[in-house]
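S.K.: One structure follows; several queries about it will come next.
Derivation of every value follows stated rules applied to the coordinates shown; laboratory data play no part. Remember, predicted model here, so these are calculated numbers, not experimental data. For neighbour counting, all protein chains shown are included, and Cβ atoms are generated from backbone atoms with ideal geometry for every residue, glycine included.
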Amino acid sequence: MRTVIGIDGGTESLRAGVFSLTGEPLAFASSPYDTAFPHPAWAEQNPEDWWQALGKAVRAAVAQAGIRPDQVDAVALDTTSCSVVLLGEDHRPLRPALIWMDVRAAAEAQAVLATGDPALVLNSGGAGPVSAEWMLPKALWLKRHEPDVFARAWAVCEYQDYLNLRLTGRLAASITNASIRWHYRARDGGYAPSLAAALGMPELIDLWPKDVLPLADVVGRLTGEAADHLGLRRGTPVAQGGPDAFIATIGLGVVRPGSLALITGSSHLQLGMSATEVHGRGIWGSYADAVVPGLHVIEGGQTSTGSVIAWLRRLLGEGVDFATLNAEAAAVPPGSDGVLVQEHFQGNRTPYTDAKSRGVIAGLSLSHGRGHLFRAVMEGIACGTELIFETMRQAGCGPTRVVAAGGAVRSPLWLQIHADVSGLPLVLTKVTEGPALGSAIIAATAAGHYPDLPTASDAMVQIDRQVDPDPAAHAVYREVYRRYKALYPATRPIHHAGAA
């Protein structure tokens, strides 16, 4: 049996999966690590913990699969994005990594946006925002607040790059990380030295990895030390991966124009493929060649989705479970008898990019029960997703195929509401570990088993089922959606006045 290993470096743990060349999961194992929160808005991890977790998880997965090291043809990994590492000349971290959820660099994010550099076209057509989570603000914070440490840096890189360096001895950036969060433009000069210079740190361009590799390029091969650490064969190819959510698109079969991944959880992320370059308000990207060579990735997102569902369940009391609430909501007709919800409980990411916007519950009467409210929350989230789809359509790159993954797939009702509101079928895959399978697909391609990522994805992603929209429900939801869109302009002045 020939196998590949897909590795998913998450926020709380690292997970390794052994897969067959047809995408069948043979074993999974994970190893946790800690996050430190030394100050408000700070979140740090020790890169050595990532390395130790990698060895433990891979060894355990290989043992569980019952395979020999010589049966593993390649490995690839995805990780959290914008988990920034400063390395010294000895390739050791100079300080703990600022992981993605660290937002201490809020002032630096505003400084990046204020430059008005052409590279910012990737952020809603230049309108912003620039997030404090991203690479440039964090690098600028480190230079401003820890200048002595920054001055000793040999490299500024990501979680992804650090592990690949440990595995192969080569420092190389992923085109995906660089494109989506470093303002790298693959078809327009690469890195943006004018942006770094405008921020007073032109040296950053030389500190970033010189090599920026496409997905599935071979970064290098396992060194003897790395092979011993993972329990694998020395010389095993290590393929270039990237940020977890974007690698998940490959593991969901989203590799062609018009196809979009709807990744659900505490928030929703919409990642679609376009044949053409697209920029404009309400859309992040497009990112050329960031996943599949020749295609552009467009990005949308909702800040609070599953987190609003969880909030409502907690509010209703510990004795109320999701099964009961889903059953009560299913008994309510589409439109929730007039109850309408705007899901901006933590602001809006796209298309408004308005951090001051807030949640709204409208249309309540004494005749409404908790089933109405629970269904209305699901409908409001689905309307927010449809608004992102509409914004993409207006830009000429709307989805025709949506593949769903994450927490929402556990609720048949919520899936049906999403399909009914958008009028699009939702495809579900058999393997729900999208990032790990995406990394395995990358590894299989790098090992030469498939000529390119789309071919490998076609062979290794298996479809489970499809949720088709109900035409009658969709007709009802067109009016609900019209009312939903009216909520934001009507309530924006109130929310902004309250925030001021």
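S.K.: For the range 287-405, what's the radius of gyration and Dmax over Cα atoms, in angstrom?
M.R.: 16.7, 56
S.K.: Within the chain, how many lysine pairs that are 8 or more places apart, or on different chains, have C-alpha atoms less than 25 Å apart? Mind showing how you got there, number by number?
M.R.: Details: Lys138/Lys210; Lys138/Lys356; Lys143/Lys210; Lys356/Lys485.
Lysine pairs meeting the criterion: 4.
S.K.: Can you give the local net charge around Asp458? Use residues other than it whose beta-carbon is closer than 12 angstrom to its beta-carbon, Lys and Arg +1, Asp and Glu -1.
M.R.: Taking every Cβ under 12 Å from that of Asp458, the sum is 0.
S.K.: In square nanometres, what is the average projected area of the Cα convex hull of the range 392-463?
M.R.: Convex hull of Cα atoms, orientation-averaged projection: 5.9 nm².
S.K.: If you don't mind, another one. Which Cα, out of Gly6, Gly241, His279, lies furthest along the positive dipole direction of the chain (beta carbon charges, K/R +1, D/E -1)?
M.R.: Going by the charge dipole, the pick is His279.
S.K.: Let me ask another. Identify which of the listed values of Cα extents along the principal axes in Å was calculated from the structure shown: (i) 67, 60, 42; (ii) 69, 54, 45; (iii) 85, 57, 44.
M.R.: Computed from these coordinates, Cα extents along the principal axes in Å corresponds to label (ii).
S.K.: What residues have an amide H closer than 5 Å to that of Glu158, excluding those fewer than 5 places away on the same chain, when H is modeled at 1.01 Å from N in the peptide plane?
M.R.: Residues meeting the amide H criterion: Val85.
S.K.: Step by step: find N for the range 436-494, compute 2.2 N^0.38 Å, then divide the Cα radius of gyration by it. What's the final number?
M.R.: 2.07
S.K.: Considering the alpha-carbon set of the range 227-332 alone, what are its Rg and its Dmax in angstrom?
M.R.: Just the Cα atoms of the range 227-332 yield Rg and Dmax of 19.7, 60 Å.
S.K.: Okay, next question. Just need the relative contact order of the range 3-242 here, percent rounded to a whole number, with Cα pairs under 8 Å and 6+ apart.
M.R.: Worked out over the range 3-242, it gives 20 percent.
S.K.: Could you estimate the translational diffusion coefficient of the range 407-449 from the Stokes-Einstein equation, with Rh from the Kirkwood formula over C-alpha pairs, at 10 °C and 1.306 mPa s, in whole µm²/s?
M.R.: Answer, rounded: 128 µm²/s.
S.K.: Most exposed first by the Cβ proxy, i.e. fewest other Cβ within 10 Å, how do Tyr477, Tyr33 rank?
M.R.: Tyr33, Tyr477
S.K.: So, how do all the Cα-to-Cα distances of the range 106-180 break down into 5 Å bins, in percent, from 0 on up?
M.R.: 3, 14, 20, 20, 20, 14, 6, 2
S.K.: Let me ask another. Treat every Asp and Glu Cβ in the range 253-500 as -1 and every Lys and Arg Cβ as +1, leave all other atoms uncharged, and give the resulting dipole magnitude about the Cα centre to the nearest 20 debye.
M.R.: That gives a dipole near 560 debye.
S.K.: I'd like the orientation of helix 370-394 relative to the chain: the angle between its Cα long axis and the longest Cα principal axis, in ° from 0 to 90, rounded to 10.
M.R.: Here the helix axis deviates by roughly 60 degrees.
S.K.: How large is the charge dipole for the range 3-242, taken about the Cα centre, if only the Cβ atoms of Lys, Arg (+1) and Asp, Glu (-1) carry charge, to the nearest 20 debye? Don't jump to the answer; show the numbers that get you there.
M.R.: On the way: 20 positive and 27 negative charges, 44 e Å.
Dipole size: approximately 220 debye.
S.K.: Mind listing the phi-derived Karplus ³J(HN,Hα) values for the range 30-38, rounded to whole Hz, using 6.51, -1.76 and 1.60 with θ = phi - 60°, and x for any glycine or proline?
M.R.: Once θ is set to phi - 60°, the couplings for the range 30-38 become 9, 9, x, 8, 9, 10, 9, 10, x Hz.
S.K.: Tally Lys and Arg at +1 and Asp and Glu at -1 over the other residues with C-beta under 13 Å from the C-beta of Arg144: what net charge comes out?
M.R.: Computed value for this residue: 0.
S.K.: Also, quick follow-up: Please give the calculated 222 nm ellipticity per residue for the chain, where each DSSP H segment of at least 4 residues contributes -39500 (n - 2.57) and the sum is spread over every residue; nearest 500 deg cm²/dmol?
M.R.: Computed ellipticity for the chain at 222 nm equals -11500 deg cm²/dmol.
S.K.: What span do the alpha-carbon atoms of the range 348-407 cover on each of the three principal axes, reported in whole Å from largest to smallest?
M.R.: Per principal axis, max minus min of the Cα coordinates gives 44, 28, 21 Å.
S.K.: Summing Lys, Arg as +1 and Asp, Glu as -1, what charge do residues with Cβ under 12 Å from the Cβ of His344 carry, His344 excluded?
M.R.: Surrounding charge for His344 is +2.
S.K.: Over all distinct alpha-carbon pairs, what is the Kirkwood Rh of the range 131-250 in angstrom?
M.R.: Final number for the Kirkwood radius of the range 131-250 is 15.4 Å.
S.K.: Now for a different question. Largest first, please: the extent of the C-alpha atoms of the range 363-500 along each principal axis, to the nearest Å.
M.R.: On the principal axes, the range 363-500 reaches 61, 34, 26 Å in Cα extent.
S.K.: Separate question: Using the 10 angstrom Cβ neighbour count as an exposure proxy, how do Phe389, Phe37 rank, fewest first?
M.R.: Starting with the residue having the fewest Cβ neighbours, the order is Phe37, Phe389.
S.K.: List the relative contact order of the chain as a percent without decimals, with contacts defined as Cα pairs under 8 Å and 6+ residues apart.
M.R.: The normalised contact order for the chain reaches 16 percent.
S.K.: When only C-alpha pairs under 8 Å and at least 6 residues apart count, what is the relative contact order of the range 253-500, in percent?
M.R.: Averaging sequence separation for qualifying contacts and normalising by length gives 20 percent for the range 253-500.
S.K.: Identify, among Pro193, Gln270, Pro96, the residue whose Cα sits farthest towards the positive end of the charge dipole of the chain, taking +1 on the Cβ of Lys and Arg and -1 on the Cβ of Asp and Glu, with the dipole about the Cα centre.
M.R.: The residue sitting farthest along the positive end of the dipole is Gln270.
S.K.: Further question on the same structure: How many times 2.2 N^0.38 Å is the alpha carbon radius of gyration of the range 259-308?
M.R.: Scaled against compact globular proteins, the figure is 1.21.
S.K.: Using the charge dipole of the chain (Lys, Arg: +1 at Cβ; Asp, Glu: -1 at Cβ; taken about the Cα centre), state which of His372, Val308, Gln64 has its Cα farthest towards the positive end.
M.R.: His372
S.K.: Now a separate question. What is the packing order of peptides 422-435, 199-212, taking the mean over residues of other C-beta atoms within 10 Å and listing the highest first?
M.R.: Taking the mean over residues of other Cβ atoms within 10 Å, the ranking is 422-435, 199-212.
S.K.: Which whole number in µm²/s is D for the range 253-500 by Stokes-Einstein, with the Kirkwood Rh taken over Cα pairs at 37 °C and 0.692 mPa s? Please report the intermediate quantities before stating the final value.
M.R.: On the way: Rh = 18.9 Å.
It comes out at roughly 174 µm²/s.
S.K.: Any idea how far the Cα center of the range 24-63 sits from the one of the range 190-260, in Å?
M.R.: 18
S.K.: Seen from all sides and averaged, what is the projected area of the convex hull of the Cα atoms in the range 1-93, in nm²?
M.R.: If you wrap the Cα atoms of the range 1-93 in a convex hull and average its projections, you get 7.1 nm².
S.K.: Rounded to whole Å, give me the distance from the Cα center of the range 421-500 to that of the range 104-150.
M.R.: That distance is 29 Å.
S.K.: Of all the Cα-Cα pairs you can form in the range 3-242, what percent are over 21 Å apart?
M.R.: Summing the P(r) tail past 21 Å for the range 3-242 gives 56 percent.
S.K.: Something else now. So if I place +1 on the C-beta of Lys and Arg and -1 on the C-beta of Asp and Glu, and nothing else carries charge, what would the dipole magnitude of the chain be about its Cα centre? I want it in debye, nearest 20.
M.R.: For the chain, the charge dipole is close to 520 debye.
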